[in-house]
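**Q** Before we start, here is the structure in question, set down as structure tokens.
The values are calculated or read from the model by the stated rules, or taken from the named source; none is laboratory data. Everything numeric here is computed off the predicted structure, so don't read it as measured data. Ideal geometry is used to build each Cβ from the backbone, glycine not excepted, and the neighbour counts take in all protein chains shown.
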Amino acid sequence: MRLLRPVLVLLLALSALTGLVYPLTVTGLSELALPFQAQGEVLRDARGRAVGSRLIGQAFTEARYLHPRGSAAGPTGYDATASSGTNLGPMDARLIVRVAADAKVLARTQPGAAIAPDAVEWSGSGLDPDISPQNAAAQAPRIASARGLPLETVRRVIAAHTEGPALGFLGQTRVNVLEANQALDAASRATLDG
Amino acid sequence: MTWRGWAEIAFTLGLSAALAWPLGLYLARLWRGQSTWLDPLLKPVERALYSLAAVRPEEGQGWSAYAMAILTFNAAGFFLLYGILRLQAHLPLNPLHLGGLHPALAFNTAVSFVTNTNWQAYAGETTLSNASQMFGLTSQNFLSAATGIAVAAALARAFAAHRGETLGNAFVDITRATLYLLLPICLVFALILVALGTPQTLAARVDVTTLEGAKQTLAIGPVASQEIIKQLGTNGGGFFNANSAHPFENPNAWTNLIEEVAMNALSLGCVIAFGIVGLARREARILVGVMLALVGVAAACLYAAESSPTPALASAAAHAAHVLSGPNMEGKEVRFGAASSAVWTAMTTGASDGGVNAMIESFTPLGGGVALFMIKLGEILPGGVGSGFFGMVVMAVLAVFIAGLMVGRTPEYLGKKIEAREVKFAVLATLLLPVALLGFAAAAAALPVALRSVSTAGPHGLTEILYAYASAVGNNGSAFGGLNADTPWWDGTLAIAMMLGRFGYIAPVMAMAGALAAKPRLEPSAGALPADGPQFASLLVGVILILGGLQYFPALALGPGVEHFQMQQELGR
């Protein structure tokens, strides 16, 4: 077996280079130079407690917060150890019934506001950290009344955490839910203090 | 649909083509054994590897020796990966103390990564330790890509040879592709991905308390280092279950652009390198043009399909006063929307990558149908790294043969006479795929043991079955994710389909390369069909569409076709 030695030596050596040396080098350099990103962009509150990753969606149900999209990650949604979409096809009755029911609820809780597709259709990862500006705008009046803040303030906070497409045409305009909610809390505190 | 969406599609494809050029020039230097600017750093490593492995780099191999080296290397890689996955519980870097994979899943996953398919029957974040992700999967991401590049190099040399006997040395080709090409690019771009937000840590979990006081646990790990080779090597197996739709794998439009370009640029670069090494630059440009044109058409169809109305939004409009008409957002991320998801899906299904940034199962019937059709065209647009190029050459050989039959001349391609032997091998390679795909799909559609895993009945369920086997045979790896694929039937049959699709293709291609190399290289005669003009390009497109299309048309009509008309009926109500 003249093949055996080259095959085994190269397989093990190249596996070690690409499977250990390379990822560990990248890990070391990242932890040194880019610790915030390397560890998942975790945001902290004023007292330093971790409140979530800027990149990973979370469940928000209280009226004073922006609500995220629906999630199929884990049995109750937003389980960040079990990413998943619904994988329901476009003709699936389960999807059509669910979207209709959600639209009915939104028509009641956000009367008069337009319903954006991302408000009733669920994300691919189940962990989408963003919503569309239309979805956020529809929620603004509910948030303003729950917090006793002027609608203009809520809209300003949302606008401050809205990001446009890269280079003007790559990707979509989006509102980061966690960042906006942290800023809404800050705005409420500022009003109380003021 | 907006001008922004169209601009994004055009820009992404254009950038891939632009970067393919320098990549191809560099790759050609590697294939010819010429010096590179990384030599001072890597030449000592390369020499040490050869002396340790008893490889004599200047010693060429004939086609059968070359093929044996490739197959043995991959078989050994399979056993190593299978062992790692089974013994995961006893290996280090396993902070969650995950157990070993059960035999069927370990078999399926090992085959999946060695064949460059990267079908995910497992959910990365809950099944695999950091050691398995790095030493097991990341390394095979490199080595399966290097295997594809090596076979492409051998085929390119076959065309350049004049009564040649050898095709180069497989061990040298695999080593050089890994050391000089894949590793340096990945090192740089992994760090760029980290800077843009992709995590890279040896931790496995981060606990947080939300603003509402609830607990959330984030799965995390060495994501960036695997993400870039997953795309660059057209592998596609994600760190997480949701693959590149997961915000840690693909946090924003910039990472999305890098990951898209990475999965096409190197495959196109292999064709450019072939043009240089095989002394056929203009012919190579035609192949690149055909690849890009067909991916562009697919992306446009996907964008249109995913921007069209769906029954779900129609039912919402029936219950609420004002529903914005918009793209089909089920299974899509807000940061990507319809356009990014469409161009990614066209590129990933054309390239045998199989990574996804949106859930294809939730696409409209035509959108999912285009994705399925792209895989069925044979993973040559531009196909996997290396493998897309040699698949395309098989198509080109068939195209000149058919043209030769029509005008009654002996067909030639790139100065080589195409005769019975080459055509037999080309036909063997292209026939194996539909036989395996349709055979397994037909069996699965009839057997209760298989049907229990299918998520829904009717045409959508049929598409789910077809997609799974197409993805396996085409070594793509993307899925209609509703299928519960971790059962003995699916783990087993899909693994067999993946092996047939990879090695059942490589073996006849190597034999064809051997036959071509042995022929004299002729000066183009007046009677030969020029392979560098629009006439040949349209002939080639015709052969690709007829071979890919007609074989599968009945199945496509019963799956996505029927579902599309059902949906139109529903919307018309």
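**Q** Every residue in the range A:23-67 that is among the hydroxyl-bearing types (Ser, Thr, Tyr), outside the structural domain of A:ALA136 (by TED's automatic domain parsing) and crowded, with 22+ Cβ neighbours inside 10 Å, please.
**A** Initial filter on the range A:23-67 (among the hydroxyl-bearing types (Ser, Thr, Tyr)): A:25, A:27, A:30, A:53, A:61, A:65.
Now restrict to residues that are outside the structural domain of A:ALA136 (by TED's automatic domain parsing): A:25, A:27, A:30.
Passing the criteria: A:THR27, A:SER30.
**Q** Something else about it: If you go through the range B:389-433, how many residues are in contact with a strand residue (DSSP E or B) (Cβ under 7 Å, 6 or more places away or on another chain) and either among the charged types (D, E, K, R) or surrounded by fewer than 21 Cβ atoms within 10 Å (Cβ to Cβ) (or both)?
**A** Looking only at that region, the number is 1.
**Q** Return yes or no: is B:PHE142 within 22 Å of B:ILE506 (Cα to Cα), in contact with a helix residue (DSSP H, G or I) (Cβ under 7 Å, 6 or more places away or on another chain) and of a type in the set (Phe, Trp, Tyr)? Steps first, please.
**A** Details: within 22 Å of B:ILE506 (Cα to Cα): yes; in contact with a helix residue (DSSP H, G or I) (Cβ under 7 Å, 6 or more places away or on another chain): yes; of a type in the set (Phe, Trp, Tyr): yes.
Considered against the rule, which asks whether it is within 22 Å of B:ILE506 (Cα to Cα), in contact with a helix residue (DSSP H, G or I) (Cβ under 7 Å, 6 or more places away or on another chain) and of a type in the set (Phe, Trp, Tyr), B:PHE142 comes out as yes.
**Q** Could you list, ordered by first residue, the pairs with Cβ atoms under 7 Å in which the first is in the range B:1-28 and facing another protein chain (nearest Cβ under 9 Å) and the second is β-branched (Val, Ile, Thr) and crowded, with 20+ Cβ neighbours inside 10 Å, at least 6 apart or interchain?
**A** Short answer, once both residue conditions are applied: B:GLU8/B:VAL343; B:THR12/B:VAL261; B:THR12/B:VAL343.
**Q** To continue, here is another question. Report yes if some residue within the range B:226-236 is more than 19 Å from A:GLU179 (Cα to Cα), crowded, with 20+ Cβ neighbours inside 10 Å, of a type in the set (Ser, Thr, Tyr) and at the interface with chain A (Cβ under 9 Å from one of its Cβ atoms); otherwise report no.
**A** no
**Q** Now for a separate question. Quick one: which residue in B:ALA446, B:ALA485, B:ALA513, B:ALA518 is away from chain A (no Cβ under 14 Å), among the small types (Gly, Ala, Ser) and over 30 Å from B:GLU283 (Cα atoms)? Spell out how you get there, then give the answer.
**A** On the way: B:ALA485 fails: away from chain A (no Cβ under 14 Å); B:ALA513 fails: over 30 Å from B:GLU283 (Cα atoms); B:ALA518 fails: over 30 Å from B:GLU283 (Cα atoms).
None of the others qualify; the one that does is B:ALA446.
**Q** Under 6 Å between Cβ atoms, which residue pairs at least 6 apart in sequence (or on different chains) link something in the range B:286-297 that is over 15 Å from B:LEU15 (Cβ atoms) with a partner that is of a type in the set (D, E, K, R) and not in a helix (DSSP H, G or I)?
**A** What qualifies is B:ILE286/B:ASP532.
**Q** Taking the residues in the range B:203-225 that are under 25 Å from B:HIS97 (Cα atoms) and free of Cβ contacts under 8 Å to residues at least 12 places away in the same chain as candidates, determine which candidate is farthest from the other protein chains (Cβ to nearest Cβ).
**A** B:LYS215
**Q** Tell me the residue from B:GLY368, B:GLY355 that is in contact (Cβ under 8 Å) with a residue 60 or more places away in the chain, in contact with a Lys or Arg (Cβ under 8 Å, 6 or more places away or on another chain) and not aliphatic (A, V, I, L, M), please.
**A** Numbers: B:GLY368 fails: in contact with a Lys or Arg (Cβ under 8 Å, 6 or more places away or on another chain).
Answer to the selection: B:GLY355.
**Q** Out of A:ARG108, A:ARG64, I need the residue that is more than 7 Å from every other protein chain (Cβ to nearest Cβ), of a type in the set (D, E, K, R), more than 29 Å from B:ALA305 (Cβ to Cβ) and assigned to a loop (DSSP other than H, G, I, E, B). Which one?
**A** Checking each option against the conditions leaves just A:ARG64.
**Q** Here's a follow-up. Read through the list (1) buried (at least 22 other Cβ atoms within 10 Å of the Cβ); (2) in contact with a helix residue (DSSP H, G or I) (Cβ under 6 Å, 6 or more places away or on another chain); (3) hydrophobic (A, V, I, L, M, F, W, C); (4) farther than 30 Å from A:VAL97 by Cα, then give the number of the only condition that B:ALA358 fails.
**A** So B:ALA358 meets the others, but not (4).
**Q** Conditions first: (1) more than 10 Å from chain A (Cβ to nearest Cβ); (2) more than 24 Å from the chain's Cα centre (by Cα); (3) in contact (Cβ under 8 Å) with a residue 40 or more places away in the chain. B:GLN34 passes all but one, so which condition is the exception?
**A** Tallying (1) more than 10 Å from chain A (Cβ to nearest Cβ); (2) more than 24 Å from the chain's Cα centre (by Cα); (3) in contact (Cβ under 8 Å) with a residue 40 or more places away in the chain, B:GLN34 fails exactly one: (3).
**Q** Can you give me the number of residues within the range B:61-79 that are under 20 Å from the mean Cα position of the chain (by Cα) and either at pLDDT below 95 or of a type in the set (S, T, N, Q) (or both)?
**A** 1
**Q** Can you give me the ranges of the helices (runs of 4 or more DSSP H) entirely in the range B:473-573 with at least 3 residues that are loosely packed, with under 14 Cβ neighbours inside 10 Å?
**A** B:534-545, B:562-572
For every residue, the table says whether it meets (1) closer than 30 Å to B:PHE240 by Cα; (2) among the hydroxyl-bearing types (Ser, Thr, Tyr).
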{"residue": "A:ASP128", "(1), (2)": "yes, no"}
{"residue": "A:PRO133", "(1), (2)": "yes, no"}
{"residue": "A:SER145", "(1), (2)": "no, yes"}
{"residue": "A:ARG156", "(1), (2)": "no, no"}
{"residue": "A:HIS161", "(1), (2)": "yes, no"}
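**Q** Please verify whether B:GLU379 is over 22 Å from B:ALA298 (Cα atoms) and charged (D, E, K, R), treating the condition exactly as stated.
**A** Here the answer is no, as B:GLU379 does not meet what is asked.
**Q** May I ask you to say which residue of A:ALA107, A:ALA114, A:ALA100 is within 22 Å of the chain's Cα centre (by Cα) and free of Cβ contacts under 8 Å to residues at least 40 places away in the same chain?
**A** After ruling out the rest, the residue left standing is A:ALA114.
**Q** Just the residues that are part of a loop (DSSP other than H, G, I, E, B) and not hydrophobic (A, V, I, L, M, F, W, C), please, taken from the range B:242-260. It would help to see each step written out before you state the result.
**A** Pass one, the range B:242-260, residues part of a loop (DSSP other than H, G, I, E, B): B:242, B:246-252.
Within the range B:242-260, B:HIS246, B:PRO247, B:GLU249, B:ASN250, B:PRO251, B:ASN252 meet the criteria.
**Q** Kindly indicate the residue of the range B:177-202 that is of a type in the set (Ser, Thr, Tyr) and more than 7 Å from every other protein chain (Cβ to nearest Cβ) and also surrounded by the most Cβ atoms within 10 Å (Cβ to Cβ) among those meeting that condition. Walk me through how you get there before you give the answer.
**A** Initially, the range B:177-202 is screened for residues of a type in the set (Ser, Thr, Tyr), giving B:178, B:180, B:198, B:201.
Subset that is more than 7 Å from every other protein chain (Cβ to nearest Cβ): B:180, B:198.
Numbers: B:TYR180: 23, B:THR198: 33.
Top of the filtered list is B:THR198.
**Q** Residues B:ALA445, B:ALA429, B:ALA450: which one is touching a residue at least 12 places away in the same chain (Cβ under 8 Å) and within 23 Å of B:VAL394 (Cα to Cα)?
**A** B:ALA429
**Q** Looking at A:PHE36, A:PHE60, which is the one that is of a type in the set (A, V, I, L, M, F, W, C) and touching a residue at least 60 places away in the same chain (Cβ under 8 Å)?
**A** Values: A:PHE36 fails: touching a residue at least 60 places away in the same chain (Cβ under 8 Å).
Residue meeting the stated conditions: A:PHE60.
**Q** Among the residues of the range A:111-135, which ones are more than 19 Å from B:LEU313 (Cβ to Cβ) and either part of a helix (DSSP H, G or I) or at the interface with chain B (Cβ under 7 Å from one of its Cβ atoms) (or both)?
**A** If the condition is that a residue be more than 19 Å from B:LEU313 (Cβ to Cβ) and either part of a helix (DSSP H, G or I) or at the interface with chain B (Cβ under 7 Å from one of its Cβ atoms) (or both), then A:SER125, A:GLY126, A:LEU127, A:PRO129, A:ASP130 are the ones that fit.
**Q** Can you tell me how many residues within the range B:122-145 are under 18 Å from A:THR81 (Cβ atoms) and either surrounded by fewer than 24 Cβ atoms within 10 Å (Cβ to Cβ) or more than 8 Å from chain A (Cβ to nearest Cβ) (or both)?
**A** Qualifying residue count for the region: 10.
**Q** So if I check each of B:LEU313, B:LEU302, which one is closer than 27 Å to A:VAL99 by Cα, crowded, with 24+ Cβ neighbours inside 10 Å, at pLDDT 95 or above and touching a helix residue (DSSP H, G or I) at 6+ places or on another chain (Cβ under 8 Å)?
**A** B:LEU302
**Q** Here's a follow-up. Of all residues in the range B:298-325, which are assigned to a helix (DSSP H, G or I) and without any contact (Cβ under 8 Å) to a residue 40 or more places away in the chain?
**A** Of all residues in the range B:298-325, those assigned to a helix (DSSP H, G or I) come to B:298-306, B:311-319.
Across the range B:298-325, the qualifying residues are B:ALA312, B:LEU313, B:SER315, B:ALA316, B:ALA317, B:ALA318, B:HIS319.
**Q** Could you tell me whether B:LEU49 is of a type outside the set (Ser, Thr, Tyr) and farther than 30 Å from B:ILE465 by Cβ?
**A** Taking the combined requirement at face value, the residue satisfies it.
**Q** Does at least one position in the range A:153-167 carry a residue that is over 18 Å from the mean Cα position of the chain (by Cα) and aliphatic (A, V, I, L, M)?
**A** yes
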